[in-house]
1. Find which of A:Gly224, A:Gln289, A:Phe271 sits farthest along the positive direction of the dipole of the range A:222-300, computed with +1 on the beta-carbon of Lys and Arg, -1 on that of Asp and Glu, about the Cα centre.
2. Would you kindly calculate the mean projected area, averaged across all directions, of the convex hull enclosing the Cα atoms of the range A:187-321, in square nanometres?
3. Quote to one decimal, in nm, the extra length available between A:Ala403 and A:Thr65 on full extension: 0.36 nm per residue of separation minus the C-alpha distance between them.
4. How far is the Cα center of the range A:323-384 from the Cα center of the range B:307-334, in Å?
5. Taking the mean number of other Cβ atoms within 10 Å as a proxy for protection, how do you rank B:25-37, B:312-324 from highest to lowest?
6. So, R0 is 45 Å and r is the distance between the beta-carbons of B:Phe34 and B:Ile100; what FRET efficiency does that work out to, to 0.05?
7. Given Cβ point charges of +1 (Lys, Arg) and -1 (Asp, Glu) and nothing else, what value in debye, to the nearest 20, does the dipole of the range A:273-338 about its Cα centre take?
8. If R₀ is 35 angstrom, what is the calculated FRET efficiency for the pair B:Phe83 and B:Ile204, using the beta carbon separation as r and rounding to 0.05?
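Only the coordinates and a few stated rules stand behind these numbers; no lab work does. All of these numbers come straight from a predicted model, not from anything done at the bench. Here the Cβ is made from the backbone with ideal geometry for all residues, glycine too, and neighbour counts use every protein chain on show.
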Amino acid sequence: MFLKKLTALTVSVAAMGVTAIPAVAQDFSGITVDILTRPGYVIAGRLAERGLEFEEMTGAKVVVTEVPFAEIFPKIQNDWSTGTNSIDIGVFAAGWGVELDAAGLLEDLDPYVAADSKIDLDDIAPYFREFGQKVGGKTKLLMVDGDFQMVYYRTDVLGSAGLEPPRTWEEYLEVASKIHGQDMNGDGEADYGSCIFKKRNAQSYFAIQTFAAPIVQTQGTAQGFHFDNATMKPMVQNAGWKKAFELYKATGEFGPPEELNLDIGDTRALFKAGRCGLIVEWGDPGTLQLDDDATAIRGKMYAISAIGSTEVLDRATGKLVPVSAETAPYAIDGINYSPFAAFGGWAGAINKKADQATKDASYAFLSYMNQSAQSGVDVTIGATGYNPYRTSQLASTDLWVKAGMPQDLADNYLGAINGAIDNLNMSSDMKIPGAQQYTGVVLDTQLARYLAGEITVDEALDNIAEGWDEITEDFGRSDQVAAQGLALGN
Amino acid sequence: MTLYTTSRQPTVISAGVTLRNRLGEWVDRHSGTFFIAPCATLILIFAIFPTIYSIFFAVSRVRFTGDGLKFRYVGLRNFSKQFFGSSEVHFLGRTDPVSIFGYTIFVIIVVALLVWLWRSQKYTTWVGMIGRTISAAMAIFLSWILCASFLSGNAIGTLYTTLFYVIIGCTFQFVIGTGLAFLCSQPISGKNFFRVVFFIPLMITPLGVGYAMRMVADVTKGPFEPLLGFLGLSDWIWSVDAWSARFVMMVGDSWQWIPFIFICMLAALENVPGDHVEAAQVDGASSPQIFREIIWPQVLPVAATVLLIRMIEAFKIVDLPNIMTGGGPGTATESMTLQSMYIWRANDMGSSAAIAYLLLILTVVVCASFFNYVVLGQVKKVGA
């Protein structure tokens, strides 16, 4: 009799437990989700605000820790690899996930996604869904932001000067030279033709790739523009990258005098104050110009999805050749475009070694951030740093007009982003182990030294090639060849 | 039977002594060692062991995996690439082409060093000769880099940027700090107020100093913007020129560390017996004579120690260039410590450890040479 009662009790408790799972799935009381990301309100601020909402809904406490940009990746890698596990979610560049995943540090999110009825992954633009969120065919990250680097110009400044928006980097320099020194915000001071964040150890190395991509990549996204994909020999010691470096440096003639020491926050302050005629930026200026402190440029900063080149690299000779149907099959009107998916967007990944309850709460939070109900609002607020990555956010201007964006600007803004995403020659950011080291350390350092006049462009490119080769050897050349093939969809 | 042990003070042990007694006496004899042992062990664990352990990093490629750190032995590659590989120009600076002037100065320095070494062997021991040979080898290497880079009009690397902060910065700080200390040791009104004011910067965290200096040195919005405009320097941007950026770094570093020199030298100056000075005054000595003949010899040991400590600290400068310029423009303000930190931040632990070891070697040789040949030389001269 006792055994029967015990059995019945056990079965009942088990049944209650099973039936209770869906009910308590969103109750994460007592759980703390620790997130690590970049400093400042951009990216981190909205995570914290949404974290408070999430805590109210589920009981889980969300703590956002901010570290300097250059320290995000190593801190996460260190924490997760050494078993410190003080971080549950890392929010970083989508492309960096591959190195963490190769070390077995990322939680596979496919099972979570399969049980998630609200995330609607099909609504995420294919590039961000397949490139940003997946590693090795499995979903390992969830986007909170979608990134392309574009060029913005002041419609009023170019209009009054009778200038057309630039289509090539040479035209960019020409336009910048003609508007440089004009008073663009009515404060009586001379302003700048071009503003680019060129500070070392910041994000200058993305901008140089935006310059290089249309000169070096001609045969579609799968071609890439950093390496010979078959051997992983660096493809930087050529006339294409050399021209990109020289053009990039030349923009400094029409920029703020302290440009070499300007981070992205500094250039944003400048263009919001109406001091820049042309800028290289991500999607943020589209919405940042709606901020209260950007009255000088509200509705005046239009986007160009990509700046192109009339000359492209002949990889066989290492020299530049004119654009033609053979040399650049995706060219439009004699100009080869290659919009650069710089950074790939901010995405969240979960520490595989976190305990299951924390992983559940972490996924639920990332999903909450990613769902269109939340992200559809967040991407329209410039200060968040979040740019659109869902089809529903890119298909219609309604969302943006509702958020206060003038219809013309919304048409231009979404048109530019869609133009970049839809371009078959779109260039992809590095997505191989060591990506941050290849670009954030080696490329960034040599670029900074060239800009400062310490070394010549040839020396810079030689040093980059040597540095990249060392990293490739460290990770194993054959492994890197395979990773590169996977990253570019070959 | 009487048994004599080999202890410093022979102990008489009776024939019926037990093993326990002998053990107790052995412990007594070695009690000093036992008392020191915990401290020595702690030092070994917390100071020496990490230093030795980091050698494994310096000769390895370290990878982060899900199972922790994986080491792959790469020999001296992390070191050699600082001299011959992709980091050569970053570390040493550009050493090509070398000017005639550079070659000439280098030859003069080498000849001088060889003469000094030849003369040394007449009066020094073999151990001393080994030390002098190491110092001379380091001096020849550093001279070559200096002559091939800076003196030939080429850019310097992190090696000489560090030495700039150490040699020029410490000299500047020592002169100003000693001068202020001398002033405050005089019977002037309000000297206690000045002592506190001069001491404040030392109590601020280096990060705070970095941010404060960044704001102060901002030529477009900083407090000196009107002054620069008045002087016609409104277009001067210190942060985009290598030498002006290094100079601003040095000024920021000096602002923080002059108080250290000041407070130590003030204590030394105030310990100079007043009657010695008064006696010299009675004898009609002038102020410069009193300083040179009475005060300076008495503060020299403190001055040398302070300068040595300051030099060792200066080799490790990292906060200011990291915050103010991120090591830029280019790598112009990047010290070896900052170079090591940036590489470490990219999780290249091996190269980072290699640079740290190179810095350790440089610091030890330069500081030991400075102490042996400059400080001790001065002290002996004064003593004579």
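1. So the residue we want is A:Gly224.
2. Numbers: hull surface 37.3 nm².
If you wrap the Cα atoms of the range A:187-321 in a convex hull and average its projections, you get 9.3 nm².
3. 118.8 nm
4. That distance is 37 Å.
5. Working: B:25-37: 11.1, B:312-324: 21.0.
The most tightly packed comes first, giving B:312-324, B:25-37.
6. Taking R0 as 45 Å, the efficiency between B:Phe34 and B:Ile100 is 0.10.
7. Dipole magnitude for the range A:273-338 comes out near 140 debye.
8. Taking R0 as 35 Å, the efficiency between B:Phe83 and B:Ile204 is 0.40.
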